[in-house]
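The values are calculated or read from the model by the stated rules, or taken from the named source; none is laboratory data. Predicted, not measured: the structure shown is a model, and the values here were computed from it. Methodologically, a virtual Cβ is constructed for each residue, glycine included, from the backbone with ideal geometry; neighbour enumeration extends over all protein chains shown. Keep in mind that these areas ignore ligands, DNA and RNA; they rest on the heavy atoms of the full protein, side chains included. Shrake-Rupley method; radii C 1.70, N 1.55, O 1.52, S 1.80 Å.
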Amino acid sequence: MELSTTVNFFILPHDQGMDVYYEELRNYRRLGFSVLDCIFCNADSPGSPLLREDWRQWGEAIAGYSKKLGVRYAQCHMPYYNFTPSGQGIDRKKEKLARRSIEAAAVLGAKWIVGHPATDFNACDMPAVSKEENLRYFAPYVALGEKLGIGIAIENMADFPRQGYPRSYCATVSELCDLVDALGSPCAGICWDFGHANLMYQDQAPCLKLIGPRLKAVHVHDNFGKEDSHLPVFFGNIHWEPLMRMLKEIRYEGVFSFETKRIPIRLPQYMRNAQWLYVKTAGDYLLSQVDSPEEAK
């Protein structure tokens, strides 16, 4: 298993040319990361390269420069929104970006791209109706992935009562597995978000065991079981070592990818690399639990 972390090109100053993206890549490489997770969640930001008609050339330039640095992309993240009737419904502009994100992820060489399931909050039989709406939504993207050689990994959600969402579809592992199985393709898998899961389960290990070979990607961050705060590992109350052992038991073959992107944004620029160095060190420790548990004690 290799260590990875997120890179968000779409919050960078887009009017400064390609070097602003290249410097971001160089900095991650200096910090010791050779695998990255490109998140397209902010790809609708003003000036975003994905909004331009030459987006493919941008992606090819990023892919080429990354290769020179010895950086690769194992997984990415689609833009997301509530595409059910209780949300926005299908938004054609957002769907154009969603398709481009899959195509761009394939250009970057990623094997999986993560998508969020949506919830029809107005449906009387919410799980059943939401399942059908998610099947209709994701099936064409899974078919696109089959053509491009990239899989769609659907992420576990969580209930967010403080935000007005007391029940979310695919917050339970059974709903998530059922949805992915119903898609019926080797290009449909699961992304397990440990932070989301900590809001739902006291012990995530049985969930990982149930998911088994469906697991294709992970989002690694911590919290105290109340808010989706995206803290670095060991800054919350998740017990990581048993989860690492379970990842080994189920023979997870993907990367261990940090999704702690919110924290550096709050820090002064001078301090941001210090946090990434902590994240890298903590990640190396956790991976040592998988590779040689006795030496890591």
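Here are the numbers for this structure:
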{"quantity": "Most fluctuating residue given options G89, G254, G189, as computed from a GNM of the chain linking Cα atoms under 10 Å", "calculated": "G89"}
{"quantity": "Cα→Cβ-extended label distance, 7 Å offset, between M271 and R245, nm", "calculated": "3.6 nm"}
{"quantity": "Anisotropy class of the stretch 99-138 from Cα gyration tensor, a/c 1.5 cut", "calculated": "prolate"}
{"quantity": "Computed Rg/Rh of the stretch 137-178, alpha carbon atoms with Kirkwood Rh", "calculated": "1.14"}
{"quantity": "Local electrostatic count, L50, Cβ distance below 14 Å [Lys/Arg +1, Asp/Glu -1]", "calculated": "+1"}
{"quantity": "Rg to Rh, two decimals, where the stretch 62-107 supplies the alpha carbon set and Rh follows Kirkwood", "calculated": "1.17"}
{"quantity": "Dmax and Rg, reported as Rg then Dmax, of the stretch 200-247 (C-alpha, Å)", "calculated": "11.0, 29"}
{"quantity": "Cα-based Rg of the stretch 1-63 normalised by 2.2 N^0.38 Å, two decimals", "calculated": "1.12"}
{"quantity": "Length-normalised contact order for the stretch 96-236 - Cα pairs under 8 Å, 6+ apart - percent", "calculated": "20 percent"}
{"quantity": "Average accessible area per residue (Å²) across the chain - probe 1.4 Å, nucleic acids and ligands excluded", "calculated": "45 Å²"}
{"quantity": "L148-K68 FRET efficiency (beta carbon distance; Förster radius 25 Å; 0.05 resolution)", "calculated": "0.60"}
{"quantity": "Calculated Rg and Dmax of the stretch 199-291 using C-alpha coordinates, Å", "calculated": "13.8, 43"}
{"quantity": "For the stretch 148-295, size of Cβ-based charge dipole, Lys and Arg +1, Asp and Glu -1, in debye", "calculated": "420 debye"}
{"quantity": "Loop sites in the stretch 200-286: trypsin sites (Lys or Arg not before Pro), DSSP, at most 16 other Cβ within 10 Å", "calculated": "K226, R251"}
{"quantity": "Cα radius of gyration and Dmax for the chain (Å)", "calculated": "18.5, 53"}
{"quantity": "Candidates A128, A106, A61: whichever shows maximal mean-square fluctuation once the chain is modelled as a Gaussian network with Cα springs under 10 Å", "calculated": "A128"}
{"quantity": "Whole-angstrom Cα spans of the stretch 80-206 along principal axes, big to small", "calculated": "38, 34, 24"}
{"quantity": "Too-long pairs where the Cα-Cα distance tops 29 Å, listed order kept, from K131/K209; K111/K209; K147/K280; K96/K280; K68/K248; K248/K280", "calculated": "K147/K280; K96/K280; K68/K248"}
{"quantity": "Reference-scaled alpha-carbon Rg (2.2 N^0.38 Å with N residues) for the stretch 131-275", "calculated": "1.10"}
{"quantity": "Heavy-atom accessible surface of the stretch 1-159: percent carbon and sulfur, 1.4 Å", "calculated": "51 percent"}
{"quantity": "Antiparallel %, DSSP beta bridges [both residues in the chain], to 5", "calculated": "5 percent"}
{"quantity": "Cross-link partners of K216 among aspartates and glutamates (Cα-Cα below 18 Å; sequence separation of 8 or more within a chain)", "calculated": "E2, D37, E146, E155, E175, D178, D181, D193, E249, E253, E259"}
{"quantity": "Euclidean distance of C-alpha centroids, the stretch 1-64 and the stretch 89-144, integer Å", "calculated": "22 Å"}
{"quantity": "P(r) weight above 16 Å for the stretch 21-101, C-alpha pairs, percent", "calculated": "58 percent"}
